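The values are calculated or read from the model by the stated rules, or taken from the named source; none is laboratory data. Here the structure is a predicted model, which is why all the values come from computation and not from measurement. Neighbour counts run over all protein chains shown; Cβ positions are idealised from the backbone, glycine included.
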C-alpha cells in the first residue's frame with residue numbers, strides 16, 4: 001500500500017486528519033476495484049462470454065459505483081452540516097439537498 005502512505009504523508013503535511021486520509025485511501029482502492037471490474041467486462045465481451053455472466057459483472061460495477069457515490073455523499077453532507085453549524089445561513093443545507101437530487105438522478 002505504498003500509495004496509501006504517500007497520500008497519507010501528503011495529507012498530513014496539508015493538515016488533514018487520519019480518518020480523512022483513510023477515507024481517501026479507501027476511495028482510491030474502490031476506484032481501482034471498479035477499473036478491474038470494467039477491464040473484466042471488456043475481456044468478457046472480447047471473449048464472447050455468456051450474456052448473463054457479463055450482466056452479472058456489470059451489476060458489480062454499478063454496485064461499486066453506487067457505494068462509492070454514497071460514501072462521497074455522506075462525507076459531503078457531514079462537512080456541510082459542520083459548515084452549517086459554523087455559518088447558520090441555511091446555504092449548507094441547500095447545497096446538501098442539491099447534491100442529493102443530482103446524485104439521485
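Sort through 43, 49, 78, 98 and tell me the only one that's at pLDDT 70 or above and under 16 Å from the mean Cα position of the chain (by Cα).
Matching residue, one of 43, 49, 78, 98: 78.
Residue 19 versus (1) more than 25 Å from residue 72 (Cβ to Cβ); (2) in a helix (DSSP H, G or I): which is the lone unmet condition?
The single condition residue 19 does not satisfy is (1).
Any residue in the stretch 59-73 that is in a helix (DSSP H, G or I), at pLDDT 75 or above and more than 15 Å from the chain's Cα centre (by Cα)?
yes
Can you name the residue in the stretch 66-84 that is without any contact (Cβ under 8 Å) to a residue 40 or more places away in the chain and surrounded by 15 or more Cβ atoms within 10 Å (Cβ to Cβ) and is also nearest to residue 100 (Cα to Cα) among such residues?
73
With (1) surrounded by 14 or more Cβ atoms within 10 Å (Cβ to Cβ); (2) part of a helix (DSSP H, G or I) as the list, and residue 49 as the residue in question, which single condition is left unmet?
(2)
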